[in-house]
Every structure is written in structure tokens, then in C-alpha cells.
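Enquirer: Got a structure for you, questions after.
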């Protein structure tokens, strides 16, 4: 890939190009060698877990990238690997993983990374209806240790679901309907919790709920 040898390109936008897993892995290989790219937008590319894992691993080697957008990529299963990479990476300042709805395990992994990471200033995540309280509380504890983050944007996604043998399966529309009142009630609960958290963390951290 030309990106491996490129010495001038600093900003690359691949949003919505349907790169898929293989495209994600190829870009990851390039990031292992590239030293000039500063901003990379891979939103809505369907890179899934394998592509996400490869990109996460590349962050351990790359020392130039400052902004990475992985929104809407069906890569929730690679979030824990990404969190591990954030513990090692010291240059990335902005990360968007919204649209990849995270559950409790991924949330706790990200929270741990925030305790260790010393470069990230902006983070955008997407939390699920089921585990939102565990995720937010874990992140709140991490923010007491974190010294660099100044912007945290939380997308709250409401979807009807059931838990079956530790896995999540979504009800089909014929069995469950979107409950707007429940969504709004939970949104208010989240906002109330965030208000309390804002009182106890650094004043320069902006937390937004969408």
C-alpha cells in the first residue's frame, strides 16, 4: 500500500468506503510503518472485529496518528483490544468509537485504559441500554485518575433485547416495540448520574450525553 511509503499525507478520510475487514487489516499494516499521517477517518466501513483488532494492534507501533474515527464499524468485539493499545499508545489525542455499542466488559476495559493513557483528550463512545450504569460508574472512577481527557461524548442507544446464555440477542420487531417512554426515562437517569459525576471530577472535563 502506498501509505506505507508516503511521507507527506497527513489527513486521510475513508468514511463510508466499505473497506471491510480486509481493508481494515491492510490499513493497519500501513499504519505500522507510516509516520506522517495525523488524522484517519474510517467511519462506516464495516471493518468488523478482525479489522478493528488489526488497527488496534497498529496503534501500539504507530507514533504519528493523533485522531482516529472508527464510528459505525460493527467492531465492538475489538474494543477490548483497542483499550489495551490505548495503555501503550502515547500520541493519539482523539478517538471516536460511537456506533459500536459497548457493554460492561468493553466499558470496563476502556475505563482501565483511561486510568493509564496520558495523551487522549477526546473520546466518543456508544453505551447500551443494559449496562449503562456499570459503564458510566467505571469511567467516572477512571476520570479521577486521568489527567488529560477534556471531552467525553456518550451516545446512549436504546434497543429491546434479551440475554440468553451470556449472549445478547435482539427481539424481532414482531415481539418487541420501541418504547419511547422507557428510553426517555433511562436517558434522564443517565443525565442525573452524570450531573453528580461532574461535581466530583476535574472542572475542565466536558461530558456530553447524546
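Enquirer: Specify the residue with the greatest mean-square fluctuation among 52, 20, 107, computed from a Gaussian network of the chain linking alpha-carbon atoms under 10 Å apart.
Expert: Result for the chain, Cα springs under 10 Å: 20 fluctuates most.
Enquirer: Further, regarding this structure: Nearest 10 degrees, 0 to 90: what angle lies between the long axis of helix 20-31 and the longest principal axis of the chain (Cα atoms)?
Expert: Between helix and principal axis, roughly 50 degrees.
Enquirer: In nm, to one decimal, how far is the residue 15 label point from the residue 181 one, both placed 7 Å along Cα→Cβ?
Expert: Each label point lies 7 Å from its Cα, and together they span 3.8 nm.
Enquirer: By DSSP, what percent of the beta bridges with both residues in the chain are antiparallel, rounded to the nearest 5?
Expert: DSSP beta bridges in the chain are roughly 15 percent antiparallel.
Enquirer: So how tilted is helix 180-198 from the main axis of the chain? Cα-based, degrees 0 to 90, rounded to 10.
Expert: It works out to around 70 degrees.
Enquirer: Now a separate question. Need one number: nm distance between label points at residue 193 and residue 210, each 7 Å from Cα along Cα→Cβ, rounded to one decimal.
Expert: Once both label points are built, they end up 2.0 nm from each other.
Enquirer: With the chain treated as a Gaussian network of Cα nodes joined by springs under 10 Å, which of 134, 44, 179 yields the largest mean-square fluctuation?
Expert: 179
Enquirer: Please give, to one decimal in nm, the separation of the simple spin-label points placed at residue 133 and residue 63, each 7 Å out from Cα toward the Cβ.
Expert: Result for the modelled spin labels: 4.6 nm.
Enquirer: Compute the acute angle (0 to 90°) between the alpha-carbon long axis of helix 104-116 and the principal axis of greatest extent of the alpha-carbon atoms of the chain; round to the nearest 10°.
Expert: Relative to the chain, helix 104-116 is tipped by roughly 50 degrees.
Enquirer: With the cut-off at 1.5 for a/c, could you classify the stretch 1-114 from its C-alpha gyration tensor as rounded, prolate or oblate?
Expert: Since a/c reaches 1.5 but b/c is at least a/b, the shape of the stretch 1-114 is classed as oblate.
Enquirer: Follow-up. Grab the alpha carbons of the chain, take their convex hull, and tell me the volume per residue in Å³.
Expert: 115
Rule-based calculations on the coordinates, nothing more; no lab input. Computed from a predicted model, the values in this text were never measured in an experiment. A quick note on method: Cβ atoms are made from the backbone with ideal geometry, for glycine too, and the neighbour counts reach across all protein chains shown.
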